[in-house]
Structure formats: structure tokens, C-alpha cells
Amino acid sequence: MKQVECDVLVVGAGAAGLTAAFTAAFHGLKVIVAEKEPVFGGTTAYSAGVIWIPGNSLAKSAGLQDSPDQVLRYMQEEAGSAFDESKARAFVEQAPQMLDFMLQNSHVRYQLIANWADYHPLRPGASAGGRSLLPEPFDGRLLGKDFHLLRSPIRTMMLFGGMSVSRSDIPHLFNATRSVKSGLHVLKMLLRYAKDRISWSRGTAIANGNALVARLVHSLNEQDVPIWTDSPVVSLSRDAGRVSGATLIRNGERIAVQARKGVILASGGFPRNDKLRSTHYAHIAQGKNHTPLAPPGNTGDGARMAIELGAGFARTASNPAAWAPVSLVPNPDGSTTPYPHFIDRCKPGFIAIDPRGRRFANEADSYHDFVPAMISACANDPEIYSYLICDHRTLRRYGMGVVPPFPMPIGKYLRSGYLIRGASIQELADRLSIDPVVLDATVRRYNSYAERGQDPDFGKGSNVYNHFGGDPKCQPNPNLAPIVDGPFYAVRLSPSDLGTFQGLATDSSARVLRAEDQQPIPGLYAVGNDMASVMGGAYPGAGITIGPAMTFGYIAARDLART
Ligand SMILES: Cc1cc2nc3c(=O)[nH]c(=O)nc-3n(C[C@H](O)[C@H](O)[C@H](O)COP(=O)(O)OP(=O)(O)OC[C@H]3O[C@@H](n4cnc5c(N)ncnc54)[C@H](O)[C@@H]3O)c2cc1C
């Protein structure tokens, strides 16, 4: 078998693996990144790329107050019995250091969104803003030919099948026909996109997680770190009790990689492993529906290979995965592509109803909170689904799912059956096979709350996180507006996940622990979603998977550089 040598082998090219690789290379180590798929970026390339970094220097410069004790208090409140104090302390201490290190030494750039509140702002230690950061957009052309190796965002999340939209573009898209500034912003986006499509397969003005991955890869290219795509790692090797490398398959050839210092597993958890999902996700174990969002390569290879060497797998997380509601967008060939509903639910004028036509949740709560509420609402049903409902004015103002706001046409979404329309609430209820009397009562009750600006049933619009996702121009409550102007519309939602929370047992240095005695397996590290989440199955705020993924990637690489 062909032999190759390096100091550190990184398994997987997402946020965790690429940050680990950059940090190790920066500290003088010879690094190889092996990526199973023909493209790099993993789930990170699909994501918004947001990172939760409490105590970060951008927030400090903006005068926002925070303290490690407050953050730890909040993480403990969120994680409950799954709180792992030593890992949490390592994260809180090193996350701001990781960010400063990346800002100073790599092309990674982030911006502060000062009012991006934590998801449970009333819990002790929560912050009203400063912990969640958004990646700066990036010019994909700087990657040269590697741009074609960057995983594209999920198709349903791009405009015109190839144009990236950053969170900071969204208000401009909503206001393109109302404000000159927003109109010009959107025009600039469109002109750049049209120019790009002459020579590129998609727009090169990239944003979100795609920009993060591109920035990391651009930084690694400057350090001459090879990223081997199409190179799945299939097994780990051991020498005198220490992990000494791995076997991978490249161009059909098996290659033994000797990693003098060690191996970092960053293969992105098991969201695309059908068998493991049906073991760990309770609703799938009950035979119910679930559509994953993660890319196909994330099949739990890191955990499998480590468990073969005696590693422990932690099952303490309160949720096995990070949940998100999706709608399924029909493709011309009859298949569907999921679209995650992050933005629309919280806007004023939207409610979600269960299969019987009743509200069941605060629609402006986080995606991770919304899905368990939907699962409970369908506890006695064979299938888990709900409908997001709005009226014509709201649809044209904000869009719904992949249906765009005015002035874009909506006909194709009605024709495909993605968007369901009724001239009246009764007609909409008929189309959804719901009792019209029940739906009418639900809408009337909600409308009376919208007029008062208070939702005593589910508390939509009752906290600063809800308001962050609302429309500040809508008064008296940025999350509540009545559903009155027909026709009325519905889009069907079902459960999905953003990635897994359960994973390998690790210590505060990201070293993988043996199941037998909880001692580190020398030379073996797990980061990102291969590692049991430091959040214990909770989702405290935007960026709580990629923030820790990058931080523990940084921690693992520095630990290896020291050994
Ligand atoms: C639509 C969407 C939006 C999201 N937004 C956010 C957000 O803004 N902030 C946030 O914190 N989280 C977000 N998430 C979740 C987040 O994207 C993931 O939790 C995170 O990217 C996981 O990072 P990772 O590095 O562990 O894995 P990944 O980014 O998935 O990378 C793992 C890589 O390992 C590769 N691999 C697998 N097996 C092998 C093998 N045997 N050999 C070699 N390579 C292998 C995979 O192909 C993959 O490329 C979002 C998720 C989705 C789907």
C-alpha cells in the first residue's frame, strides 16, 4: 500500500476540520485534510455560518457587556443534567481567543449583529446581543479553480438557482420596491450575478457558511495545506496504543497516511446515517417522517472508526440533533429539496397550525424549539406536519418559504402544489382537509391577539429574540399582524435537522475518551459534530454548533502542536 507522511491528518473539510487544519499548519505542523466527498465544505457550506462566541472582541469594541460567569450560567441552565463543566469552561475561555487568532492570521472575517439575542433571553445569563456573529461575504473568484470544489449552498436557499443571499441582504430584498437604498442594493446583487453567470456555474459573490468555508480554504491554500477531495478515510491505525494515522482511498487506491502527531476526526456527525438516525431520533424510531438537511457524506464515519478502537459515545444530550422545520420543494423530476424555515415564521401575520387546524407553538421561537412542539402536536398522528398560514398582504410583503415577496410572480409555486391557496379561510381549510370551523376560530382568536399586540396562548412576540426576527415597523408588536386580506395561503412544514448533537466522548482538549475508563486515546481527537456537543442537546443561540466546532478545532490543533 502507498505510504504518505504528515504530522496531522484531519478527517473532513467542514468548519471544524478546516479550522483545525489552519491552526495546526500555522503552528508549523505538516497537515493533510482528507475529504470524502468530491466537494469540500460539508454542512458548513450549507449553513448560515453564524458563530456563537461569547465575550468576543467585536462585541467588546462595540461596548457590549458580557462575562464568562454569565455565559457559563446560561449554558448550564440550557444543558441541564447534560452540562459538562470542564468542556464548557474550555469553550468559554478559548472561543474568543480562537476568533482573534483567526481574524489576525487567516482570511476569516465576521461582523457583529448587535441585537442578535440568545434564543431563551429570559433565562439567567442570557444575552440580548453580542454573542452571535455573521460571516463577511467573500469573492469566490479568489479561490480560482477551487471555487468549483466548494459545495454549493442548498439550491432552495439561493435565488435563481445560483445567487447567494446573506442575512444582511434579506431586509433589502423585502424593501427593494420601497426604498431607493434597498432597490440599489438588490440591483447591484443582480448585475453581479448576471455577470458571474457568463463564466461561472453560480454566483461568485458568496455569503454565509459558503463564505466561511471559502475563507478557510483560501487561508489553507496560502499555507500550502493539501485538501484531498474524493478521499474517504476508512479506518484508523494504531501503533503501541497510540493512533498513528489512517487508511484512506484516493483515486481508487488505498493509501496509508502516517500522522506523526495524531488524527483529528471532523467528519460532521451522523445526520445522513439512516440506521443511526432511526436508533437515536425517537420520532423516526416510531416510524415517522424526517428529512435531513446535511449533505450525504455525513454518515458517522468518525464515530464508527473511533468506536472500533474502544472510544465512548455520549448519549447524554437532551436532543440527539439540532432540529429545524422544512418545507419540501418539488423538483421537475418528482423529487423534493428541503427548505429550512428560519426567517418567515417569526414575521408578523404568520401562524402555524397542526393537522387539526389549531396553533401549537410560539412561531417566533427558534427552529430547535419549534420542531419538538410540532412532534408533540402530532403525537397521535402517523405523520408529523404542520402548515404555515398567512394572508395575501403578508405573503407579498415577506414571501413564505421559497415563495418570494412582491414583485416576483408566485404562479409556479401554486401550480406545483407547494403553495396552497383559498379565497377564504373556509376554502383554505377545505384544501388542507381541516375542519373550516376550527381553522376559522383559530384565525379569529389569533387576530384578536394581533390587534392587542399580545399572544397569551403561545407568547409570539413576547421577548427580544422574537422581536429580532420580527418587523420593527409592525406595531404594537413586531411579530403580530392579523390574517385578514384574502386570498389566504399555506405551506406544509415537516421535521428536519441541521446536524447531530450526540457524538464521541471527549475531554476539554477534544481528545477522544475510551468507553472503558474515560481516559484519552493517545493521538485521537474529535471536533465539530463528531464530538458530543458542548451544549448538551440544547440550542442556546445562533451559531452554537459552528462556534464550538471552530473553537474545539483550534483547541485540538494547539494541543497537538504542544505534544
Ligand atoms: C441550512 C443550515 C443552516 C445552518 N446554519 C448554522 C449556523 O448559522 N450556525 C451554526 O452554528 N450551525 C448551523 N448549522 C449547523 C452546522 O452547519 C453544522 O452543525 C456544522 O457545519 C458542522 O460542522 P462540521 O465541521 O462538524 O461538519 P461538516 O461541515 O458537515 O463537515 C464534515 C465533512 O466531513 C466529511 N466526511 C464525512 N466522512 C468522512 C470520511 N470518512 N473521510 C473524510 N471526510 C469525511 C463530510 O463529507 C463533510 O464534508 C446549519 C445547518 C444547516 C443545514
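Antiparallel as a % of all DSSP beta bridges within the chain, to the nearest 5? Could the numbers behind the result be given before it?
Values: 51 of 71 bridges.
Of all bridge pairs located within the chain, approximately 70 percent are antiparallel.
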Seminar exercise, completed: Given unit charges at Cβ for Lys, Arg (+) and Asp, Glu (-), the dipole magnitude of the chain about its Cα centre in debye, nearest 20, is 1180
Seminar exercise, completed: Log10 I(q)/I(0) at q = 0.22, 0.32 Å⁻¹ for the range 142-192, from Debye over equal alpha-carbon scatterers, is -0.86, -1.18
Problem set entry | For the range 73-89, Karplus couplings with θ = phi - 60° (6.51, -1.76, 1.60), whole Hz, Gly/Pro x | 4, 5, 4, 5, 4, 6, 7, x, 5, 8, 5, 10, 4, 5, 5, 5, 5
Problem set entry | Overall Cα dimensions of the range 449-533 - principal axes, largest extent first, Å | 64, 27, 22
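Per Stokes-Einstein, at 10 °C and 1.306 mPa s, what whole-number D in µm² s⁻¹ belongs to the range 1-124, with the Kirkwood radius over Cα pairs as the hydrodynamic radius?
Stokes-Einstein gives a translational diffusion coefficient of 94 µm²/s.
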Exercise. From the backbone phi of the range 372-378, what are the Karplus-calculated ³J(HN,Hα) couplings (6.51 cos²θ - 1.76 cosθ + 1.60, θ = phi - 60°) in whole Hz, Gly and Pro given as x?
Worked result: x, 5, 5, 4, 5, 5, 10
For this session: Please work out the Cα convex hull volume for the range 384-466 and give it in Å³ per residue.
Result: 138
For this session: Report, by chain and number, residues whose modeled amide H sits under 5 Å from the one on Ile351, excluding near sequence neighbours (fewer than 5 apart, same chain).
Result: Ile389
Problem set entry | Residue-normalised accessible area of the chain, expressed per residue, 1.4 Å probe, Å² | 39
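By average Cβ neighbour count within 10 Å, what is the ranking of 539-552, 402-415, 486-499 from highest down?
On the way: 539-552: 27.9, 402-415: 14.9, 486-499: 23.2.
Top to bottom by mean Cβ count within 10 Å: 539-552, 486-499, 402-415.
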Problem set entry | Dimensions in Å of the range 473-519 - Rg and Dmax from alpha carbons | 23.7, 64
Problem set entry | Translational D in µm²/s for the range 512-554 (Stokes-Einstein at 25 °C, 0.890 mPa s, Kirkwood Rh from C-alpha pairs) | 214
Problem set entry | Under the Debye formula (equal points on every Cα, no solvent term), log10 I(q)/I(0) of the range 62-161 at q = 0.18, 0.19, 0.25 Å⁻¹ | -1.01, -1.06, -1.34
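Which semi-axis lengths, in whole Å and largest first, follow from the square roots of five times the eigenvalues of the Cα gyration tensor of the chain?
Working: eigenvalues 316, 125, 106 Å².
So the three semi-axes of the chain are 40, 25, 23 Å.
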For this session: Could you go through the range 433-445 in sequence order and give the Karplus-derived ³J(HN,Hα) for each residue, using 6.51 cos²θ - 1.76 cosθ + 1.60 with θ = phi - 60°, rounded to whole Hz, and x for Gly and Pro?
Result: 6, 10, 4, x, 5, 5, 5, 4, 5, 4, 5, 4, 5
Problem set entry | Amide H within-cut-off set for Ser235, under 5 Å, with H built and near neighbours excluded | Thr247
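Before anything else, pin down the relative contact order of the range 74-198: Cα pairs under 8 Å, at least 6 apart, normalised by residue count, whole percent.
On the way: 85 pairs, mean separation 16.2, N = 125.
Normalised by residue count, the contact order of the range 74-198 is 13 percent.
Percent of alpha carbon pairs in the range 150-276 separated by more than 20 Å?
On the way: 5084 of 8001 pairs.
For the range 150-276, the fraction of Cα-Cα distances above 20 Å is 64 percent.
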Exercise. Can you list the residues, at least 5 places off or on another chain, whose amide H is less than 5 Å from the amide H of Ala324, using H built in the peptide plane?
Worked result: Ser496, Asp497, Leu498
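Given only helices, namely DSSP H runs of n ≥ 4 each adding -39500 (n - 2.57), what is the per-residue ellipticity at 222 nm of the chain, to the nearest 500 deg cm²/dmol? Each step should come with its number before you reach the end.
Details: 18 runs with 185 residues, N = 563.
When only DSSP H runs of four or more count, the value is -9500 deg cm²/dmol.
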Exercise. Which percent of the accessible area of the chain is formed by carbon and sulfur heavy atoms (probe 1.4 angstrom)?
Worked result: 51
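The values are calculated or read from the model by the stated rules, or taken from the named source; none is laboratory data. Model, not experiment: these values are computed from the prediction. No Cβ is skipped: glycine too gets one built from the backbone with ideal geometry, and neighbour counts run over all protein chains shown. SASA here: full protein model, heavy atoms, side chains in, ligands and nucleic acids out. Shrake-Rupley method; radii C 1.70, N 1.55, O 1.52, S 1.80 Å.
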